[in-house]
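Engineer: Attaching a single structure in structure tokens format; questions to follow.
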Protein chains: 2
Amino acid sequence: MKTLVIISHPDIKTSTTQAFLRDAQKNLKQVTWHPLDVLYSNYQIQIEKEQQLLTQFDRIIFQFPMYWYSSPALLKKWEDDVLTRNFVYLSEQASLKGKELGIVTSLGMPLREYQRGGVENFSISEMLIPYQALAKRAGMKFLKPFVISQFAYMTNQKRAKCLIDYQNYITNPKYDHFANYEKWMIQQLNEFKQTLPDDKQLIFQTVIDQIQNNADQLAELNWEVNMMKKKEGY
Amino acid sequence: MKTLVIISHPDIKTSTTQAFLRDAQKNLKQVTWHPLDVLYSNYQIQIEKEQQLLTQFDRIIFQFPMYWYSSPALLKKWEDDVLTRNFVYLSEQASLKGKELGIVTSLGMPLREYQRGGVENFSISEMLIPYQALAKRAGMKFLKPFVISQFAYMTNQKRAKCLIDYQNYITNPKYDHFANYEKWMIQQLNEFKQTLPDDKQLIFQTVIDQIQNNADQLAELNWEVNMMKKKEGY
């Protein structure tokens, strides 16, 4: 699976969140980093080239800090320029059909404020409806958004978790299922193991085996519970 | 009541809808026309001047054709630039508090497609949530949007109705109540009467009187129906 991450930030260089995310994907071969500020500051936006780029990926990510309940203007400009009606749905090919659209957005406010009665009063799902509608129109699958809330206040442990979850979001074909998340993590750990010296690899393998073992037991238990539910007629 | 109409269209000159709306408000003294393309094409955006402008109006209108379920990028750029947190809610003054925010948007698709199962699948209300959230955050009253669907296919009669409704939307303090709409219309007709030669004025006055008479009878009937409902215990 190939992923294109389209970043809309008016000043990427000064953003610690964007720097963190850039580092998180740096060694992932199947991910392409595509910041829009470079594109527009040089007035190099080439519509056909952008369209051509999009067709080469399976998962397309819009990544941005939330500005007034939407992306910064840059991404909208890119949408208005690149996503011509002909490209998206008028022509026979419907170039984006079957692809996935994901959103990675960072918030200045705690997530709990994004609900009725909270300071922001509306949910992230509601705010992102224009993107969901775009996905619908293009025949794309809209992924559950990846929301980073108050990155600046995160502990190092939370940041490490955020990093792994982010990598999972942009590279795991079935990122949203627990079993798949685990499978993906074991795969990542195995890749990481290769980079260790031989003597460390053995110890690391024991850790992986333990996780695998836990996963198997969990799957077995799940199966049993399902069987019992069926018998009870739930 | 003073109204500021902020227009976001990448090419206003070629838009028949925008030309129509511009003409519709041309003689309304309390309305100020503020197209953003001029502002940005000359790189003359002066944040403080824009903020100063906003504080002088009671009703602020965002007017744009719907592009990918939102405004063209220009308005978002203006929001990102001008609506600083300090201006909108951080400082003591909360400069927009108590004002009204209205949306005038034109659609290429028939309105019936903007619902579940329709081509667009989402309602206008849903798509405009980012603006409603902005109004909420700024302490503004969010007005029911004014939607112009498929202007190009409108008959002349429909366009005339659209013109009057639009004028009502941007100038009538209580535009959304039937009784107020009528009151506003009679006022407009009286102003129009002044522009006629004396002999025509008399005939025109008869028309106004008739409308006024109808309005009075309607109000009386409404009152009676309400009385009956109360007695019946509805």
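The values are calculated or read from the model by the stated rules, or taken from the named source; none is laboratory data. None of the values given here were measured: they were computed from a predicted structure. Glycine also receives a Cβ, built like all others from the backbone with ideal geometry; neighbour counts cover every protein chain displayed. Accessible surface is based on the protein model in full, side chains and every heavy atom, while ligands, DNA and RNA are left aside. Shrake-Rupley method; radii C 1.70, N 1.55, O 1.52, S 1.80 Å.
Engineer: Which residues' amide hydrogens lie under 5 Å from the amide hydrogen of A:ILE148, considering only partners 5 or more residues apart or on another chain, with H built in the peptide plane?
Structural biologist: Under 5 Å from the amide H of A:ILE148 lie the amide H atoms of A:THR105, A:SER106, A:LEU107, each far enough along the sequence or on another chain.
Engineer: For a quick check: with amide H placed at 1.01 Å from N, whose amide H comes under 5 Å from A:GLN115's, ignoring anything fewer than 5 positions away on the same chain?
Structural biologist: A:GLU120, A:ASN121, A:PHE122
Engineer: While we're here: Springs between alpha-carbon atoms under 10 Å, Gaussian network over chain B: tell me which of B:PRO35, B:PRO110, B:PRO197 tops the mean-square fluctuations.
Structural biologist: Of the options given, B:PRO197 has the highest mean-square fluctuation.
Engineer: Ignoring ligands and nucleic acids, what accessible area does A:VAL88 show with a 1.4 Å probe (Å², nearest 10)?
Structural biologist: A:VAL88 exposes around 0 Å² with every protein chain in place.
Engineer: Using a 1.4 Å probe, how large is the accessible area of A:ARG159, given in Å² and rounded to the nearest 10?
Structural biologist: The accessible area comes out at roughly 60 Å².
Engineer: Sticking with this one: Which residues' amide hydrogens lie under 5 Å from the amide hydrogen of A:LEU101, considering only partners 5 or more residues apart or on another chain, with H built in the peptide plane?
Structural biologist: Under 5 Å from the amide H of A:LEU101: A:ILE60, A:LYS141, A:PHE142, A:LEU143.
Engineer: Please give the total accessible area that chains B and A bury against each other, computed with a 1.4 Å probe and expressed in Å² to the nearest 100.
Structural biologist: 2600 Å²
Engineer: Compute, for B:LYS26, the solvent-accessible surface of its heavy atoms (probe 1.4 Å) with the complete set of protein chains present, and express it in square angstrom to the nearest 10.
Structural biologist: 130 Å²
Engineer: Which percent, nearest 5, of DSSP beta bridges in chain B are antiparallel?
Structural biologist: 5 percent
Engineer: Shielding of A:129-141 by partners, i.e. mean partner chain Cβ atoms within 10 Å per residue?
Structural biologist: Average neighbour count from other chains, rounded to a whole number: 4.
Engineer: Moving on. Sticking with the crude label model, points 7 Å out along Cα→Cβ, report the distance from A:LYS97 to B:LYS144 in nm, one decimal please.
Structural biologist: Calculated label separation equals 3.9 nm.
Engineer: Just to be sure I understand the model, the point goes 7 Å from the Cα along the line to the Cβ. What's the resulting B:LYS2 to B:LYS231 distance in nm?
Structural biologist: The two pseudo-label positions are separated by 5.1 nm.
Engineer: Still on this structure: Keeping every protein chain in place, order B:LYS99, A:LYS141 by accessible area at 1.4 Å, biggest value first, i.e. largest first.
Structural biologist: A:LYS141, B:LYS99
Engineer: Oh, and also: I need the shape label for chain A. Rule: rounded when a/c is under 1.5, else prolate if a/b > b/c, else oblate, with a, b, c from the alpha carbon gyration tensor. Can you show the working numbers first?
Structural biologist: On the way: a/c = 1.60, a/b = 1.45, b/c = 1.10.
Prolate, since a/c reaches 1.5 and a/b exceeds b/c.
Engineer: Also, quick follow-up: Using a probe radius of 1.4 Å on heavy atoms only, what accessible surface per residue do you get for region B:177-234? Whole Å² is fine. Don't skip to the answer; put the middle values down first.
Structural biologist: Numbers: 4900 Å² over 58 residues.
Result: 85 Å² of accessible area for each residue.
Engineer: Taking a label point 7 Å from Cα toward Cβ, how far is A:ASN121 from its twins in the other copies, in nm, shortest first?
Structural biologist: Between copies, matching label points for A:ASN121 lie 2.8 nm apart.
Engineer: Continuing with the same structure: Relative to the isolated chain, which residues of region B:76-115 have their accessible area cut by 40 Å² or more in the presence of all protein chains (1.4 Å probe, heavy atoms, no ligands or nucleic acids)?
Structural biologist: Residues of region B:76-115 that lose at least 40 Å² of accessible area once the other chains are added: B:LYS76, B:ASP80.
Engineer: Still on this structure, please answer the following. With a 1.4 Å probe and all protein chains left in place, how much accessible area per residue does region B:1-96 have, in Å²?
Structural biologist: Using a 1.4 Å probe on heavy atoms only, each residue of region B:1-96 averages 48 Å².
Engineer: Pop the C-beta distance of A:GLN44 and B:GLN44 into the FRET formula with R0 = 25 Å and round what comes out to the nearest 0.05.
Structural biologist: That pair, A:GLN44 with B:GLN44, gives E of 0.55.
Engineer: Hey, another quick one. On the protein heavy atoms, probe 1.4 angstrom, tell me the percent of accessible surface of the protein assembly as shown carried by carbon and sulfur.
Structural biologist: 53 percent
Engineer: Defining the label point at 7 Å along Cα→Cβ, can you sort the distances from A:GLN217 to the same site in each other copy, shortest first, in nm?
Structural biologist: 8.6
Engineer: Considering only DSSP beta bridges where both residues belong to the protein assembly as shown, give the percentage that are antiparallel (nearest 5). Let's see the in-between values first.
Structural biologist: Values: 2 of 48 bridges.
Restricted to the protein assembly as shown, the bridges split so that about 5 percent are antiparallel.
Engineer: Simple spin-label model, 7 Å along Cα-to-Cβ: A:GLN157 to B:GLN157 in nm?
Structural biologist: It works out to 7.2 nm between the two label points.
Engineer: In a shell of Cβ-Cβ distance under 11 Å around B:LEU4, excluding B:LEU4 itself, what net charge do Lys and Arg (+1) and Asp and Glu (-1) give?
Structural biologist: 0
Engineer: Distances in nm, one decimal, shortest first, from B:LYS158 to the same residue in every other copy, taking the label point 7 angstrom along Cα→Cβ.
Structural biologist: 5.3
Engineer: Could you give me the ³J(HN,Hα) list for region A:112-125, computed from phi with Karplus coefficients 6.51, -1.76, 1.60 and θ = phi - 60°, whole Hz, x at Gly and Pro?
Structural biologist: Using θ = phi - 60°, the values come out as 5, 7, 8, 7, 3, x, x, 4, 8, 6, 10, 7, 4, 4 Hz.
Engineer: Still on this structure: In this model, which of A:LYS29/A:LYS200; A:LYS76/B:LYS76; A:LYS49/A:LYS141; B:LYS144/B:LYS193; A:LYS99/A:LYS174; A:LYS97/A:LYS141 are farther than 19 Å apart at the alpha-carbon?
Structural biologist: The pairs that break the limit, which is 19 Å between Cα atoms, are A:LYS29/A:LYS200; A:LYS49/A:LYS141; B:LYS144/B:LYS193.
Engineer: While we're looking at this one, here's another question. Under 13 Å from a label point 7 Å along Cα→Cβ of B:PHE178: give me every residue in region B:192-234 with its amide N that close.
Structural biologist: Those under the cut-off are B:215-226.
Engineer: Also, I was wondering about something else. Could you give me the ³J(HN,Hα) list for region B:182-190, computed from phi with Karplus coefficients 6.51, -1.76, 1.60 and θ = phi - 60°, whole Hz, x at Gly and Pro?
Structural biologist: Calculated HN-Hα couplings, in order: 5, 4, 4, 5, 4, 4, 4, 5, 4 Hz.
Engineer: Quick one: what are the phi-derived ³J(HN,Hα) couplings along region B:100-106, Karplus 6.51/-1.76/1.60 with θ = phi - 60°, whole Hz, x for glycine and proline?
Structural biologist: 10, 10, x, 10, 10, 10, 10
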